[in-house]
Amino acid sequence: MPPIRVLRALSDALSRIERLALIVLIAGVALFVLMNVTFRLFNVTLAWADEMAILSMTLAGFVGASLMLRARTDPAVLILHEMAAKSVVRVLRIVVSALAAGFGLVLLWLCWRWFNLPGLAAVGFDVAEFEMASFNFLYTEQTPVLGLPYFWFFLIMPWFALTLSVHALTNLAEDLGLLEPRPVAQDFTQSEG
């Protein structure tokens, strides 16, 4: 299988994972909000449910943004596409896909720097020593109510950077004619209603 086809296969696999994750996250948001509303009827506030709803919605936003990019359903200035010649629209799509891929790759590099796994390994995975050496408190920050390490929720950033990069590069390959374009958005909407 040529590398360009591997890229599309990887994008398709990531899309399937993201769709499932998005369903779970949005269901979680609904569950936590409804649970809290129900308990408030009895004058009981579940602060942890509010916190989990907010965290679930934040994670869902990143997962959904990546999926929208691949499906090309993200917000766009379509009036320009309708008024311009097909050749101009093709160039615009290439530029947008290239910018999205560049953003994803830069974000991936920034996540590598932020999580700083080589720096953490250099101090023997001693988080306190790592914080003193780098002033990076990523691994000890905690959520205010549940006291969960934010680190686990921050993992959405490298995941988003990876999926965004793969989806944008796949879109770019389609725009450049290296892969036959597929209407991915139809795959998402057919099963939804």
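Considering only residues in region 136-152 that are aromatic (Phe, Trp, Tyr) and not in a helix (DSSP H, G or I), the one that is nearest to ALA121 (Cα to Cα) turns out to be TYR139. Of the numbered criteria (1) open to solvent by 50 Å² or more (accessible area, probe 1.4 Å); (2) aliphatic (A, V, I, L, M); (3) under 20 Å from ARG182 (Cβ atoms), the one LEU69 fails is (1).
When the test is whether a residue is modelled with pLDDT of 95 or more, part of a helix (DSSP H, G or I) and not hydroxyl-bearing (Ser, Thr, Tyr), MET68 does not pass it. Note on region 97-121: among residues that are among the aliphatic types (A, V, I, L, M) and closer than 30 Å to ALA133 by Cβ, the one that is surrounded by the most Cβ atoms within 10 Å (Cβ to Cβ) is LEU120.
You will find that of ARG16, ARG90, the residue that is over 21 Å from the mean Cα position of the chain (by Cα), more than 26 Å from PRO144 (Cβ to Cβ) and open to solvent by 90 Å² or more (accessible area, probe 1.4 Å) is ARG90 and no other. For region 30-60, a residue qualifies if it is open to solvent by less than 30 Å² (accessible area, probe 1.4 Å) and closer than 16 Å to LEU146 by Cα, and the qualifying residues are ASN36, LEU46, ALA49, GLU51, ALA53, LEU55, SER56. Scanning region 22-41 for residues that are modelled with pLDDT under 95, in a helix (DSSP H, G or I), within 14 Å of the chain's Cα centre (by Cα) and more than 16 Å from MET157 (Cβ to Cβ) turns up nothing.
The values are calculated or read from the model by the stated rules, or taken from the named source; none is laboratory data. As the structure is a computational prediction, the values presented were derived from the model and not from experiment. Every residue, glycine among them, receives a Cβ derived from its backbone with ideal geometry; neighbour counts consider all protein chains shown. The accessibility values were calculated without ligands, DNA or RNA, using every heavy atom of the protein model including side chains. Shrake-Rupley method; radii C 1.70, N 1.55, O 1.52, S 1.80 Å.
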